[in-house]
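*Asks:* Dropping a structure here in structure tokens format, bear with me for questions.
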Amino acid sequence: MYFLDKAKSIEEQIIAWRRDIHMHPELGFEETRTAKLVANTLNEMGIEAEVGIGITGVVARIGEGHPIVGIRADMDALPIQEANDTPYKSQTPGLMHACGHDAHTAILLGVARILSEMPDRPAGEIRLLFQPSEERWDAEGKSGATRMIEDQALEDLDAVIALHVASTTENATFEIVEGFALAAVDTFYGVVMGEGTHGATPNLGIDPIYLQAQVINAIQGIRARRLDPTKGSVITVGGVHGGSAPNVIPDKVELMGTIRSFDEDTRQLIHAELEKAFSVAKALGGDYQLKIEYGYPAMYNDPTVAQLLYDVAKENMGEEKIYYGEPMMGAEDFAYMTQKAPGAMFMLGAKYDDKHRPHHSPVFDINEDSFKYGAAVLADTACRLLKKYSE
């Protein structure tokens, strides 16, 4: 139990790093303080760190040569005002680490310390990927993972692993999915156009509110009647905006929503069927505009890497604390990294207390007792992957 014992010995330091980062949240591609903290901490460990990778990311290497195993942690916060009253609450108005990226960064720093002090570390390179902007796209529509890949931070990797804390799951538990684990995410923006008129004389215009009701019905029918029921997907209309007075029929209504899917054929079929759903407005005398923006692809956990993570967690955490999970409709830009190299992400249970503290909420918080397990599993798995790819 070398890795868990070592993680326990530095547990307080991991927690201190997390709290420092939590108190000073930064949005995606603005993580300059966080990146400086990471680089300085790594340098103090005797690990050379490259900054400015993927705009504000940090890359460091422990060991050299092949094979090469990457470990990723994201660093960005969210534009949310924290509602918690803790000693480490956010000191930046309107910003908060409400998804656990502060913990991911601190845990990876813990991994770096464990591995840098390991006397008999396997031959090869372990590459530490401190990624910016998982939650946010830049002006070119690219997230932190894409930018790091463009800067060749993942070149020559034999495997890549990561964790994500889960605030609603029992503390100190491990969950992993083999195969597709998280969905692809796309966003659609539509405008249903009619002809405005007085509310008392709808016959003199073309009511876009009526038209959009038919469009929404058609959208809801896509999943029910146009897609293979064995293929996971969801289409949600998240916004409908139109009209400004009770007695006025407007000339247009705006709609927006999200699309989730796992396989590319389903993804493309949904896009095509959305076009047909909006064309209902045209058939009824109106018109429409539709824009679909591609987001992250589905995240695929390589079964071999996932199984190794499972086996390592079983040894470090105990069989009663680990389990296989089910695919979820959330999305993660780690999916881009698992397209570059075989990889997997596991969920680390970190429920704080009995209060519901969902991700992306002002009351989000996590149990810091889970951190040592995350550090131990990542460090142990990275070393076993080096051995595996050296065979």
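The values are calculated or read from the model by the stated rules, or taken from the named source; none is laboratory data. Owing to the predicted nature of the structure, the values given are computational and were not obtained by experimental measurement. Cβ: placed from backbone, ideal geometry, glycine included. Neighbour counts: every protein chain shown. Keep in mind that these areas ignore ligands, DNA and RNA; they rest on the heavy atoms of the full protein, side chains included. Shrake-Rupley method; radii C 1.70, N 1.55, O 1.52, S 1.80 Å.
*Asks:* Quick one: in segment 340-369, which of the residues that are within 16 Å of the chain's Cα centre (by Cα) and more than 20 Å from residue 176 (Cα to Cα) is most open to solvent (accessible area, probe 1.4 Å)?
*Replies:* The qualifying residue most open to solvent (accessible area, probe 1.4 Å) is 360.
Yes or no, residue by residue, for (1) touching a Leu at 6+ places or on another chain (Cβ under 9 Å); (2) modelled with pLDDT of 95 or more; (3) within 23 Å of residue 383 (Cβ to Cβ):
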| site | (1), (2), (3) |
| --- | --- |
| 50 | no, yes, yes |
| 73 | yes, yes, yes |
| 82 | yes, yes, no |
| 94 | no, yes, no |
| 124 | yes, yes, yes |
| 144 | no, yes, no |
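*Asks:* Looking only at residues in segment 127-148 that are of a type in the set (A, V, I, L, M) and surrounded by 19 or more Cβ atoms within 10 Å (Cβ to Cβ), which one is farthest from residue 30 (Cα to Cα)?
*Replies:* Out of the qualifying residues, it is 128.
*Asks:* Within the bounds of segment 230-237, is there any residue that is modelled with pLDDT of 95 or more, surrounded by fewer than 19 Cβ atoms within 10 Å (Cβ to Cβ) and in contact with a helix residue (DSSP H, G or I) (Cβ under 8 Å, 6 or more places away or on another chain)?
*Replies:* yes
*Asks:* Scanning for something closer than 17 Å to residue 372 by Cβ, modelled with pLDDT of 95 or more and open to solvent by 10 Å² or more (accessible area, probe 1.4 Å), does segment 19-27 turn up at least one residue?
*Replies:* Checked against the condition, which is being closer than 17 Å to residue 372 by Cβ, modelled with pLDDT of 95 or more and open to solvent by 10 Å² or more (accessible area, probe 1.4 Å), segment 19-27 yields at least one hit.
*Asks:* Then there's this: Among the residues of segment 243-259, which ones are open to solvent by less than 40 Å² (accessible area, probe 1.4 Å) and in contact with a strand residue (DSSP E or B) (Cβ under 6 Å, 6 or more places away or on another chain)?
*Replies:* Hits for segment 243-259 are 249, 253, 255, 257, 258, 259.
*Asks:* If you go through segment 60-80 one residue at a time, do you hit one that is under 18 Å from the mean Cα position of the chain (by Cα) and over 30 Å from residue 309 (Cα atoms)?
*Replies:* yes
*Asks:* Given the conditions (1) of a type outside the set (S, T, N, Q); (2) open to solvent by less than 20 Å² (accessible area, probe 1.4 Å); (3) touching a Lys or Arg at 6+ places or on another chain (Cβ under 8 Å), which single one is not true for residue 218?
*Replies:* (2)
*Asks:* A further question follows. Got a sec? Which strands (runs of 3 or more DSSP E) wholly within segment 264-370 have at least 1 residues that are touching a Leu at 6+ places or on another chain (Cβ under 9 Å) and polar (S, T, N, Q)?
*Replies:* 299-301
*Asks:* Something else: Please go through segment 102-126 and give me each residue that is surrounded by 14 or more Cβ atoms within 10 Å (Cβ to Cβ) and over 19 Å from residue 7 (Cα atoms), ordered by number.
*Replies:* Selection gives 124, 125.
*Asks:* Given the conditions (1) open to solvent by 50 Å² or more (accessible area, probe 1.4 Å); (2) over 17 Å from the mean Cα position of the chain (by Cα); (3) within 30 Å of residue 234 (Cα to Cα); (4) not charged (D, E, K, R), which single one is not true for residue 309?
*Replies:* The single condition residue 309 does not satisfy is (1).
*Asks:* Follow-up. Go through segment 312-339 and report how many residues are open to solvent by 60 Å² or more (accessible area, probe 1.4 Å) and closer than 30 Å to residue 259 by Cα.
*Replies:* Within segment 312-339, residues that are open to solvent by 60 Å² or more (accessible area, probe 1.4 Å) and closer than 30 Å to residue 259 by Cα number 7.
*Asks:* Condition first: outside any loop (DSSP other than H, G, I, E, B), in contact with a Pro (Cβ under 6 Å, 6 or more places away or on another chain), within 26 Å of residue 147 (Cβ to Cβ) and of a type in the set (A, V, I, L, M). Can you find one or more residues in segment 19-30 that meet it?
*Replies:* So far as segment 19-30 goes, no, none of its residues is outside any loop (DSSP other than H, G, I, E, B), in contact with a Pro (Cβ under 6 Å, 6 or more places away or on another chain), within 26 Å of residue 147 (Cβ to Cβ) and of a type in the set (A, V, I, L, M).
*Asks:* Same structure again: Kindly indicate which of 207, 251, 265 is within 26 Å of the chain's Cα centre (by Cα), of a type outside the set (Val, Ile, Thr) and at pLDDT 95 or above.
*Replies:* Sole residue among the options that is within 26 Å of the chain's Cα centre (by Cα), of a type outside the set (Val, Ile, Thr) and at pLDDT 95 or above: 265.
*Asks:* Please enumerate the residues belonging to segment 1-18 that are among the acidic types (Asp, Glu) and either touching a strand residue (DSSP E or B) at 6+ places or on another chain (Cβ under 9 Å) or surrounded by 23 or more Cβ atoms within 10 Å (Cβ to Cβ) (or both).
*Replies:* Within segment 1-18, none qualify.
*Asks:* Filter segment 28-46 down to residues that are open to solvent by less than 30 Å² (accessible area, probe 1.4 Å), farther than 21 Å from residue 139 by Cβ and of a type in the set (A, V, I, L, M), then give me how many there are.
*Replies:* Number satisfying all stated conditions: 4.
*Asks:* Something else now. Does any residue in segment 228-251 that is acidic (Asp, Glu) come within less than 8 Å, Cβ to Cβ, of a residue that is outside any loop (DSSP other than H, G, I, E, B) and modelled with pLDDT of 95 or more six or more places away or on a different chain, and which pairs are these?
*Replies:* Going by the 8 Å Cβ cut-off, the qualifying pairs are 228/266; 251/193; 251/195; 251/208.
*Asks:* Follow-up. Would you say residue 277 is open to solvent by less than 10 Å² (accessible area, probe 1.4 Å), more than 26 Å from residue 157 (Cα to Cα) and not aromatic (Phe, Trp, Tyr)?
*Replies:* Taking the combined requirement at face value, the residue satisfies it.
*Asks:* Tally the residues that are crowded, with 24+ Cβ neighbours inside 10 Å and of a type in the set (A, V, I, L, M), restricting the search to segment 89-101.
*Replies:* So the count comes out to 2.
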